[in-house]
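These notes are about the structure you will find just below.
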Amino acid sequence: MAYMTTAQALVKFLDNQYVSFDGKETKFVDGIFTIFGHGIVCGLGEALDSDRGGLTVYQGKNEQGMAHAATAFAKMNNRRKIIACSSSIGPGAANMITAAATATVNHVPLLLIPADAFSTRQPDPVLQQFEQVNSLATTTNDAYKAVTRYWDRIARPEQLMTAMINAMRVLTDTAETGAVCISLPQDVEGESYDFPDEFLQKRVHKITRTAPSEEEIDDIVKILLTAKKPLVICGGGVRYSEAGEELERFCKEFNIPFAETQAGKTACHSSNVYNLGGLGVTGNSAGNVIAKEADVILGVGTRFSDFTTGSKSLFRSDAKVLTINTSRFDAYKLGAVKLVSDAKLGLMALADKLRENGYKSAYTTEIAQARKDWADEMQRLAEYRFDENFEPLIKARDERTIPEFAEKFGTITQTAAVSMVREIIDDDAICVGAAGSLPGDLQRMWTSDSLYSYNMEYGYSCMGYEIAGAFGSKLACPDKEVYAMCGDGSYLMLHSELITSIQEKKKINVLLFDNSGFGCINNLEMSNGIGNLATEFRFRDENNNLLGDLVPIDFAKSASGYGVKTYTARTPEELRFALEDSKKQTVSTLIDIKVLPKSMTDGYGAWWNVGVASTSQNKAVKKAYLNKKENQEKARKY
C-alpha cells in the first residue's frame, strides 16, 4: 500500500501506463499540459512538483490550444502516445470542451483532467464555480458529457482507481477512443488514501487487431465478386492500423482504384498508380469521376462524413456499399454490408478469398486517364495567376474585392501558393490544417510519399487547431519540419501555442494565408444567394454595414514580437524567397502570405447539403433552394 494524495496517485498511475501494438511496447503517457489555476495548482501541481517520475510538464498558453496540441501529438503517434491536459475549474475547464469534441469526432485519444468545485461543498460558491440552481451537483465539467467517450468525477480518493482503469480502457480502444474527462474536485486532489500497489504498478494495455469473422468475410466477397468497377475508400482507420501497404497490394492485385478521405491521406503513397487522391466535396476530379461510376464502394476505416459522400449523393443509387471498420457503429453506415475488423486483417482476408476466385475488376484505362486529367488540372492550378484571364470563383457583391485586394495587398493566388509550398519544402515535411478553404486545396493538391505526414483535422473542422496542432506534431516528430496551413481567420481565433513553440525551442512554420476574411464561408453564403455579409474583414461604411474598406493587418509584425522569424509575401517571388529562407531558421517562422480572395480550388463534381432557406424574396436564394432540392432527390436517404 502507498499512502498518498489522490493527485499523487494519479501522477504515479499515469507514469506507469504502457501500450503494446504488434508486439512493440511504448510508454503511453508522455507528460501533462497544464495552465495552473487555484483549482489545480495545490493538488495536482504539488504532485507534479514532488515526484512527476518520467512525465514531462508542458506549460500551455490557452487551454483549448494545449488540448489541440495534445490531440495532434496523439495522432502523429498513431494513437499510441498521449499528453494529458489539466486545467483549473470554470473557464479553464470550459476552454477544453471544444478540443474534447474535436478529439472525439476524430477518434483520437485525449485525456482531460479539469479541476472541479469542492466535493464537500462547504466553501461554495468558490471562485469560478458555476452554480446550477436546479442541481448543486452540476458544474461546468458536466458539459463534457456530450463530447467525451468516458466521463467521471472523483468524489472520493478511492474512486480514482476504477475511473482511471476505465479511462485507459477507452483511450486504448481502437473503436471507441476519443476524449476522456476525469473531473477532479480541488479538495479531493489533496485528500490521502492507502492506494494498493497493484493500481500503481506498471500496466501494459495491449492494442489488439480485431480479427474478421468468416461469415462477414463471405458476405462481402460475394458482392465484390460481382463488381465490375469497384472503388476503395481509404479512411483514417487505414492509417491507425498501419494498413496502407496492405491496401496498396490489395488494389494492385485486383486492379481496383482507391480514393482518400482527409483522415486517410498519406496512409498510402500519393504516387501509387491506383491512388486517385481526395474524394468528395473537397476531393478532386479523379476520385469523384470514378466514384460516380463505381458499382461497389468498399469503405475501409471511414465514418462516411458528408464531405466524403457528397452528402450521400456522390455514389450511384444502386451501388453496393461495403465496410471494414473496427467500429460497429461506423461499419453500419449507408446501409453497408459490414466487416467488423482491423483494416489490415480485413483486407488480407478479403484478398485471400478474391484470389481463390481469380477476381479482377473490369477497369482498363479509366484509372490512368482519371489520374492524368487531374495531373493536368494540378498544373493549371499551379500556374494560376492574377492577370487579364483571372476568373475568381464568386465575385463580391460590389465587385470591389479582387481589384481592391490586389492593389493594396498582393497578387498571389491561393492555389499557386499551395503548389509552390509543396514544391519547395522538404518531401517528408508534415502538413497541418483544419478549417476554411485550405482543407479543400490541400486534399486536392497536397501530395506526399512520406507516410503519416498529413495531419488535417477535418472531422470537426475546428478553427484554431492549425498552429496548436503543428506544435503537437513537432513534439511527436522533432526531426521533421512542420507547417501549419492557416487562414487569417483561424490565426486570429487561436495562435497561443506559437509562443509555446518558442518557449520549448520546437520550430514550427506558420503559413498564414491572408485573404482578409472568412473566405470559405464568404463563398458559401454568396453561392447560395446571400449577400456579402460579415465574412470579410471590413470597416463599417456610411450605412453602418461591414462593407467599408478592408482592414489591413500586419501579421508578420505582430508575430515578430513573440520572437518568431517572420516574412511578408505579396508576390510569388517574395513567397519563394521566404519559403527557402525559412528552412534555414532554427526558431519558429511565420510567412504572412497575402493571397487573392476567391482563388482557391472549387467544384469537381460533388454536392454539399447545407440549410438553404426554403422561403425567401431573394431570387438567388430561391434558385439555390431549387438546386438543393434537386440534389436531395438524388441522394441516399440514410
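Protein heavy-atom accessible surface, 1.4 Å probe, per residue over the chain: 40 Å².
How far, in nm, would the chain grow between Asp373 and Lys408 when pulled straight, counting 0.36 nm per residue and subtracting the alpha carbon separation? Don't skip to the answer; put the middle values down first.
Numbers: separation 35, 0.36 × 35 = 12.60 nm, distance 3.58 nm.
Gain on extension, Asp373 to Lys408, equals 9.0 nm.
A convex hull fitted to the Cα coordinates of the stretch 377-428 yields 99 cubic angstrom per residue. The convex hull defined by the C-alpha atoms of the stretch 532-601 has an orientation-averaged projected area of 6.4 nm².
Is the C-alpha gyration tensor of the stretch 456-512 telling us rounded, prolate or oblate? Criteria: a/c under 1.5 is rounded; beyond that, a/b larger than b/c is prolate, otherwise oblate. In terms of gyration-tensor shape, prolate.
Could you work out the local net charge near Leu127, counting Lys and Arg as +1, Asp and Glu as -1, over the other residues with Cβ closer than 15 Å to its Cβ? Let's see the in-between values first.
Values: positive: Arg121; negative: Asp116, Asp124, Glu131, Asp187.
Net local charge, Leu127 excluded: -3.
Taking label points 7 Å from Cα along the Cα-to-Cβ direction, Glu245 and Asn627 give a separation of 4.6 nm. Orientation-averaged projection of the stretch 422-579 equals 10.6 nm² [convex hull of Cα atoms, one quarter of hull surface area].
Return the ratio Rg/(2.2 N^0.38 Å) for the stretch 344-413, where Rg is computed over Cα atoms only. Mind dumping the intermediate values first?
On the way: Rg = 23.2 Å, N = 70, 2.2 N^0.38 = 11.1 Å.
Normalised Rg, Cα atoms only: 2.10.
Simple rule: put +1 on each Lys or Arg Cβ and -1 on each Asp or Glu Cβ in the chain, find the dipole, and look at Ala613, Thr6, Leu579; the Cα lying farthest toward the positive end is Ala613. If a paramagnetic tag sat 7 Å from the Cα of Ser527 along the Cα-Cβ line, which residues of the stretch 590-617 would have the backbone N under 14 Å from that point? Hits in the stretch 590-617 for Ser527 at 14 Å: 598-612. Residue-wise HN-Hα couplings along the stretch 624-638, as the Karplus relation 6.51 cos²θ - 1.76 cosθ + 1.60 with θ = phi - 60° gives them from phi, are 5, 5, 4, 5, 4, 4, 4, 6, 4, 5, 7, 7, 5, 8, 7 Hz; Gly and Pro carry x. Per-residue ellipticity at 222 nm, computed for the chain from helices alone with -39500 (n - 2.57) per DSSP H run of at least four residues, works out to -10500 deg cm²/dmol.
Reducing the stretch 534-553 and the stretch 604-634 to their Cα centroids gives an inter-centroid distance of 28 Å. Counted over the stretch 1-49 with a bin width of 10 Å, the fraction of Cα pairs per bin, in whole percents, is 23, 42, 24, 10, 1. What FRET efficiency comes out for Thr615 versus Arg169 if R0 is 51 angstrom and r is the Cβ-Cβ distance? Round to the nearest 0.05. With R0 = 51 Å, the Cβ-Cβ based efficiency is 0.55. Using θ = phi - 60° in the Karplus curve 6.51 cos²θ - 1.76 cosθ + 1.60, the 3J(HN,Hα) couplings for the stretch 56-64 round to 9, 9, 10, 9, x, 10, 8, 4, 5 Hz; x is entered for Gly and Pro.
Distance from the Cα centroid of the stretch 457-504 to that of the stretch 95-118 is 17 Å (rounded to whole angstrom). Ordered by solvent-accessible area of protein heavy atoms (1.4 Å probe), largest first, the residues Tyr274, Tyr359, Tyr562, Tyr332 come out as Tyr332, Tyr562, Tyr274, Tyr359.
A 32 angstrom limit on the alpha carbon distance is what I want to check against. Which of Lys557/Lys584; Lys372/Lys634; Lys145/Lys505 exceed it? Present the calculation step by step, with values, prior to reporting the outcome.
Working: Lys557/Lys584 20 Å; Lys372/Lys634 29 Å; Lys145/Lys505 36 Å.
Among Lys557/Lys584; Lys372/Lys634; Lys145/Lys505, the Cα-Cα distance tops 32 Å for Lys145/Lys505.
Let's test the formula: R0 of 45 Å, r as the Cβ-Cβ distance of Tyr332 and Ser135. What FRET efficiency results, to the nearest 0.05?
Numbers: r = 35 Å, r/R0 = 0.79.
Taking R0 as 45 Å, the efficiency between Tyr332 and Ser135 is 0.80.
Taking a cut-off of 16 Å between Cα atoms, list the lysines near Lys252, but don't count ones fewer than 8 places away on the same chain. List returned: Lys228, Lys229, Lys344, Lys353, Lys360.
Local charge sum around Phe537 (other residues, Cβ-Cβ under 11 Å, Lys/Arg +1, Asp/Glu -1)? Don't jump to the answer; show the numbers that get you there.
Working: positive: Arg538; negative: Asp488, Asp514, Glu536, Asp549.
That works out to -3.
Summarise the accessible area of the chain (1.4 Å probe, protein heavy atoms) by the percent that is carbon and sulfur. If you can, show how the numbers build up before the last one.
Values: 12570 of 25230 Å².
About 50 percent, which is the carbon plus sulfur part of the accessible surface.
Per the Debye calculation on the stretch 374-478 with a single equal scatterer at every Cα and no solvent contribution, log₁₀ I(q)/I(0) for q = 0.10, 0.15 Å⁻¹ amounts to -0.36, -0.77.
Using C-alpha pairs below 8 Å separated by at least 6 residues, the relative contact order for the chain is 14 percent.
Shape summary of the stretch 302-369, radius of gyration then Dmax from alpha carbon positions: 14.1, 36 Å.
Length gain on complete extension for the stretch Arg156 to Lys228, per 0.36 nm per residue less the alpha carbon to alpha carbon distance?
Full-extension gain reported as 19.8 nm.
Considering all alpha-carbon pairs of the stretch 226-333, what whole percent are spaced by more than 20 angstrom? In whole percent, the long-distance tail amounts to 28. Relative to the compact-globule estimate of 2.2 N^0.38 Å, the Cα radius of gyration of the stretch 23-122 comes out at 1.09. Amide H contacts under 5 Å for Asp116: Leu184, Gln186, restricted to partners 5 or more places along the chain or on a different chain, H placed in the peptide plane at 1.01 Å from N. Length available on full extension from Ser317 to Val587: 0.36 nm per residue minus the Cα-Cα distance, which gives 91.9 nm. Cα centroids of the stretch 72-93 and the stretch 362-406: 39 Å apart.
With viscosity set to 1.002 mPa s at 20 °C, what whole-number translational diffusion coefficient in µm²/s follows for the chain from Stokes-Einstein and a Kirkwood radius over Cα pairs?
Numbers: Rh = 25.9 Å.
In µm²/s, the coefficient is 83.
Size of the stretch 297-422 from its Cα atoms: along the principal axes, largest to smallest, the extents are 63, 33, 29 Å. Between Arg52 and Asn389, the simple spin-label model (points 7 angstrom out along Cα→Cβ) gives 5.7 nm.
The values are calculated or read from the model by the stated rules, or taken from the named source; none is laboratory data. Fair warning: this is a prediction, and the values are worked out from it, not measured in the lab. Virtual Cβ from ideal backbone geometry, glycine too; neighbours counted across all protein chains shown. Quick note on the areas: whole protein, heavy atoms, side chains included, nothing else; ligands and nucleic acids left out. Shrake-Rupley method; radii C 1.70, N 1.55, O 1.52, S 1.80 Å.
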